[in-house]
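Report on one structure; see the data block that follows.
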Number of protein chains: 2
Amino acid sequence: MSIVAVGSIAFDTIKTPFGEARDIVGGALTYFAVSASFFTEVKPVAVVGEDFDDAAMSVFAGRAIDLQGIEHAKGKSFRWGAEYSYNLNARETLFTELNVFEQFSPRLPESYRRADIVFLGNIHPSLQLSVLEQVTSERLVGLDSMNLWIETAPRELAEAIKRADILKIDDSEARQLSRQHNLRKAAATIQRMGPAMLVATRGSHGCMLFNGSDIFATSAYPLEDEVDPTGAGDSFAGGFFGYLARNASLDQATLRRAVIFGSVMGSFCVEDFGTRRLERLTFEEIAARYSEMKRLTQFEDIEA
Amino acid sequence: MSIVAVGSIAFDTIKTPFGEARDIVGGALTYFAVSASFFTEVKPVAVVGEDFDDAAMSVFAGRAIDLQGIEHAKGKSFRWGAEYSYNLNARETLFTELNVFEQFSPRLPESYRRADIVFLGNIHPSLQLSVLEQVTSERLVGLDSMNLWIETAPRELAEAIKRADILKIDDSEARQLSRQHNLRKAAATIQRMGPAMLVATRGSHGCMLFNGSDIFATSAYPLEDEVDPTGAGDSFAGGFFGYLARNASLDQATLRRAVIFGSVMGSFCVEDFGTRRLERLTFEEIAARYSEMKRLTQFEDIEA
């Protein structure tokens, strides 16, 4: 199964207490695509500017990433800058230059229209809906969103959520969206809005999956060196949906494994600036960390 | 194995968005003792005032709790009042009246001096040390502490930590104590200060156990109705040390199960004001929630 995914590709400037990276390739879709490409073929739909040269495109090279859906437009690429607090828990946006992204109107190449999985990354919900309308196949729809759209485009977002099968958002955004502080109640409210499944990520605290009445909870992989959290949630989504695509199943065991693969991909992402760690990652390392997650979290039944 | 535990017994007044409870029996040691008594015999060492009548003492009645070590002194009992924010995440102390606790000098009854496990609850580290000096047996030492003692009694606290085998504190306090933001690094620093084991509780996010080089991470039980978080950490400690005492073992499987029993006891505590939920709890409910924790968190190995 392949994944058609829409989202942003950008140049990022990131400052953390551990250093600074200027004009590196970022954007949620970049992280998603590189992460998911370890598991399945990804067809990204995005726009970049004239400044997005071959060197920038090389982040996608040699991977199971189709480049047809990346539109090269006149003008400059989306640029974003941010600075993290000393403990990486808080982030301040320094600048946002939409550039070519401002006029972005996603157009799916013909070969993308019969997608198995559609991942609607965190962009304006009306763009998410326009992608969905171009897909003609029966498909699984994954959706990401954020507080900005909850606040500024609630009607369009409600429509996108209604048409999604799996909503993947931060736990704080799940609370904001549902107006329920308790996460179980928030999940129940969101499931009534459309998606059968909610994946609520909790940053360095872990993740919860609500699938019908089943709940799965996992801790995050405890990193010893956190360098740059940018893209961790998108890398999580790439691992999660990539694994689902690879296994073409939504049974409970597969979904739970997908959450662990998502957590593993998110944890690797944080180990270096931007996509650097993902770019030099191997599947052997992914599998080893999966097994480590199992050792970290397993416990025995009560003795008889 | 039995546990000798020192700490506070108090009258609490608690306000939450869900209601108010006035002058109910509280104090860290109360939660610890009631929780641990589901697993083993507890010998609490504490002081109460003349106002702590039979009705107040009834919280300990009919349980495996020895009452010899509870001193009844002239004056009023320790009183504490607090109010929680709308989402229960923040707490404001409304008043603290130390009363008889101000002159508290723990004295262990003769039969307490040969303890198997000593739990030094969250009180001034010099009092913790005075308890330890009265215990003549080889014993396992568990220690709890808080930011107040990290800031105001660092030397005495360092001495208590040096003599502890297991330190159980909040992750934020582990960070403050070690001056390391990263929890793995914080644990390594603390382990060099004395204790072989660190249990870092993370409130509603779960818990991590650092045991030598082994790490165990678990999510918290996802409650649907949180009523009053007071005493959750102490109930966790009661379940954790109670289970260790019952099993007289420190092997990895036992320690991990102890963390889960601790999480289970903490989760029940939050379901009602004060000790109310613990008082009407049965071991069958505890065992059922343990199994639920297993179902909530388990996932399979990567398929071959």
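For the subset of the stretch B:5-37 comprising residues that are in a loop (DSSP other than H, G, I, E, B) and touching a Leu at 6+ places or on another chain (Cβ under 7 Å), which member is nearest to B:PRO106 (Cα to Cα)? Looking at residues that are in a loop (DSSP other than H, G, I, E, B) and touching a Leu at 6+ places or on another chain (Cβ under 7 Å), I get B:GLY7.
Among the strands (runs of 3 or more DSSP E) confined to the stretch B:40-93, the ones with at least 1 residues that are more than 22 Å from B:ALA232 (Cα to Cα) and more than 20 Å from the chain's Cα centre (by Cα) are located at B:70-72.
Of all the criteria given as (1) more than 28 Å from B:ASP214 (Cβ to Cβ); (2) touching a Gly at 6+ places or on another chain (Cβ under 6 Å); (3) within 14 Å of another protein chain (Cβ to nearest Cβ), the one not satisfied by A:GLY274 is (3). Restricting attention to the stretch B:109-164 and to residues that are among the basic types (Lys, Arg) and part of a helix (DSSP H, G or I), the residue that is most open to solvent (accessible area, probe 1.4 Å) turns out to be B:ARG155. From the list B:THR189, B:THR218, B:THR201, the lone residue that is within 23 Å of B:LEU250 (Cα to Cα), without any contact (Cβ under 8 Å) to a residue 60 or more places away in the chain and within 14 Å of another protein chain (Cβ to nearest Cβ) is B:THR189.
For A:PHE240, indicate whether it is open to solvent by less than 20 Å² (accessible area, probe 1.4 Å) and either touching a residue at least 40 places away in the same chain (Cβ under 8 Å) or more than 13 Å from chain B (Cβ to nearest Cβ) (or both). Break it down stepwise before answering.
Values: open to solvent by less than 20 Å² (accessible area, probe 1.4 Å): yes; either touching a residue at least 40 places away in the same chain (Cβ under 8 Å) or more than 13 Å from chain B (Cβ to nearest Cβ) (or both): yes.
Considered against the rule, which asks whether it is open to solvent by less than 20 Å² (accessible area, probe 1.4 Å) and either touching a residue at least 40 places away in the same chain (Cβ under 8 Å) or more than 13 Å from chain B (Cβ to nearest Cβ) (or both), A:PHE240 comes out as yes.
Among residues of the stretch B:282-304 that are touching a residue at least 40 places away in the same chain (Cβ under 8 Å), those with a beta-carbon under 9 Å from a residue that is open to solvent by 60 Å² or more (accessible area, probe 1.4 Å) and not in a helix (DSSP H, G or I) at least six positions away or on a different chain give the pairs B:THR297/A:GLN298.
Would you confirm whether or not the stretch A:165-184 contains a residue that is away from chain B (no Cβ under 14 Å), open to solvent by 30 Å² or more (accessible area, probe 1.4 Å), closer than 29 Å to A:ARG114 by Cα and not hydroxyl-bearing (Ser, Thr, Tyr)? Scanning the stretch A:165-184, I find at least one residue that is away from chain B (no Cβ under 14 Å), open to solvent by 30 Å² or more (accessible area, probe 1.4 Å), closer than 29 Å to A:ARG114 by Cα and not hydroxyl-bearing (Ser, Thr, Tyr), so the answer is yes.
Among the conditions (1) out of contact with any Lys or Arg (no Cβ under 9 Å at 6 or more places or on another chain); (2) not in a helix (DSSP H, G or I), the only one that A:LEU198 does not satisfy is (1).
To keep it simple, each residue is scored yes or no on (1) within 14 Å of another protein chain (Cβ to nearest Cβ); (2) basic (Lys, Arg); (3) more than 16 Å from the chain's Cα centre (by Cα); (4) open to solvent by less than 20 Å² (accessible area, probe 1.4 Å).
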residue	(1), (2), (3), (4)
A:SER235	no, no, no, yes
A:ARG256	yes, yes, yes, yes
A:PHE261	yes, no, no, yes
A:GLY266	no, no, no, yes
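Consider the stretch A:119-172. How many of its residues are hydroxyl-bearing (Ser, Thr, Tyr) and closer than 22 Å to A:GLY266 by Cα?
The total comes to 2.
Can you say whether A:SER291 is open to solvent by 20 Å² or more (accessible area, probe 1.4 Å) and part of a helix (DSSP H, G or I), as far as the supplied structure shows? Yes, satisfied.
The values are calculated or read from the model by the stated rules, or taken from the named source; none is laboratory data. Model, not experiment: these values are computed from the prediction. Note that we place each Cβ from the backbone using ideal geometry, even for glycine, and neighbour counts take in every protein chain shown. All accessible areas refer to the heavy atoms of the entire protein, side chains included, with ligands and DNA or RNA removed. Shrake-Rupley method; radii C 1.70, N 1.55, O 1.52, S 1.80 Å.
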